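The values are calculated or read from the model by the stated rules, or taken from the named source; none is laboratory data. Here the structure is a predicted model, which is why all the values come from computation and not from measurement. Don't worry about glycine lacking a Cβ; one is built from the backbone with ideal geometry, like all the others, and counts go over all protein chains shown. Side chains included, ligands, DNA and RNA excluded: accessible areas come from the protein's heavy atoms. Shrake-Rupley method; radii C 1.70, N 1.55, O 1.52, S 1.80 Å.
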Amino acid sequence: MVHLPARTPYARKLHGQDIRILNGTTIRPGATVPAAVNAAWLLAHTPLNWLDALHLHHIDMEDRSTLEHLLDACATSGVRVVFTAHDTRPMYGNTAEFTDRLRLLLSAKVQWVCLTENSLTELAGLLGTRPPATVIPHGYVAPPDALLRREREQGTGARFLMYGASRPSRDQLSPVINWSLGVTDPASTLRLLLRAFSPADFTPDSRVPLLLDTARHDPRIRLSMHPYPTDDDVIDAGLTSDVLLLPYLWGSHSGQLELAFDLNLLPVCSRTGHLAEQHRQHQGLVGEPEWFDWSTGHPNLFGERFLTAVENATARLASAPRRLDRTFLDYRTEEHKAILTAYTQIYGSAR
């Protein structure tokens, strides 16, 4: 099977004895499926009789007509198509374009997966009909096996982490400025682990230069960048941190929140989308994030709410050292077996 796209930790973890991922492998002489394959490459290698299943993860990165041609090519070759609805609103583009792509998937009769019950309800409301979806939880980001011989490193001051690409759904600038001016403990640190910037990040109204300038002027802020942070990069950063900052302006689900649960980090998280439901899915095995609500009130209050949450999180850290929770990681292992079983059934039954 092929994941499109495949660079997210979510896609990379969906492998098992009954699932062979073809991303990055040679399918015939002279044809190696790119690890970050796109629809155009697949269409250039039709018929797709070398493929059993295509797993779509994000649909607003492909041109609409290209996506339609890909779905037609899959139908012609008998390729099963599965779509995981990570997002219930567009990460790029507008709602009308996003909804149109969702309706295209409905018409192609692909099998849908939702990460939470409420996201399925939201999509049904958006489309006016209930998609043919199975609810399968997000699951881990850091594989429990990778943490068997590791432990969280302990520090003196509170250590904060924020990582990821610059996206419209995230506010990176104001949290960094608020943290720099509002957290006065000289022993506290903030690590920024960023994905490489592109020209699109430096438009005339870009906030990136001010973000970089703020980071450079506070010696407690450690700034690092990778072309595309690997799982190991993120896990290493998380094991040397205490608090994960998740300043989403909006969003549906969060792998970063699941990583915080994996590594027993305290999430400081905006209450948006279905993140609260992600927390509730873990049967009381994880602590409550330090929520701040940006869904109501004037935007000028956002900074105040964020900084209050940071102060509350700092106070919570003083109660006890945070080590890896081996009981929760055992639960993650069993949870993942159930996730793989559910996906294997869908890969085999999708039409």
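Please pick out the residue among 262, 236 that is farther than 16 Å from residue 172 by Cβ and either of a type in the set (Val, Ile, Thr) or in contact (Cβ under 8 Å) with a residue 60 or more places away in the chain (or both). I'd like the intermediate steps shown before the answer.
On the way: 236 fails: either of a type in the set (Val, Ile, Thr) or in contact (Cβ under 8 Å) with a residue 60 or more places away in the chain (or both).
On inspection, the qualifying residue turns out to be 262.
Among strands (runs of 3 or more DSSP E) entirely within segment 112-204, having at least 1 residues that are in contact (Cβ under 8 Å) with a residue 40 or more places away in the chain and of a type in the set (S, T, N, Q) singles out 133-135. Listed by first and then second residue, the pairs linking a residue in segment 306-333 that is touching a residue at least 12 places away in the same chain (Cβ under 8 Å) to a residue that is basic (Lys, Arg), with Cβ atoms under 6 Å apart and 6 or more places separating them unless they lie on different chains, are 323/152; 324/152.
Here the condition is being more than 19 Å from residue 344 (Cα to Cα), touching a strand residue (DSSP E or B) at 6+ places or on another chain (Cβ under 7 Å) and surrounded by fewer than 19 Cβ atoms within 10 Å (Cβ to Cβ); of 66, 26, 76, it holds for 26 alone. Against the conditions (1) farther than 28 Å from residue 92 by Cα; (2) in contact with a Phe, Trp or Tyr (Cβ under 7 Å, 6 or more places away or on another chain); (3) buried (at least 16 other Cβ atoms within 10 Å of the Cβ), residue 53 satisfies every one except (1). Condition check: open to solvent by 40 Å² or more (accessible area, probe 1.4 Å), touching a helix residue (DSSP H, G or I) at 6+ places or on another chain (Cβ under 8 Å) and of a type outside the set (A, V, I, L, M, F, W, C). Does residue 118 satisfy that? Taking the combined requirement at face value, the residue satisfies it. Being within 21 Å of residue 176 (Cα to Cα), at pLDDT below 95, open to solvent by 50 Å² or more (accessible area, probe 1.4 Å) and in contact with a strand residue (DSSP E or B) (Cβ under 8 Å, 6 or more places away or on another chain) is a description that applies to residue 249. Residues that are open to solvent by 20 Å² or more (accessible area, probe 1.4 Å) and touching a Pro at 6+ places or on another chain (Cβ under 9 Å) were ranked within segment 144-164; the one that is farthest from residue 285 (Cα to Cα) is 163. Screening residue 270 against (1) open to solvent by 10 Å² or more (accessible area, probe 1.4 Å); (2) small (Gly, Ala, Ser); (3) touching a residue at least 24 places away in the same chain (Cβ under 8 Å) leaves a single unmet condition, (1).
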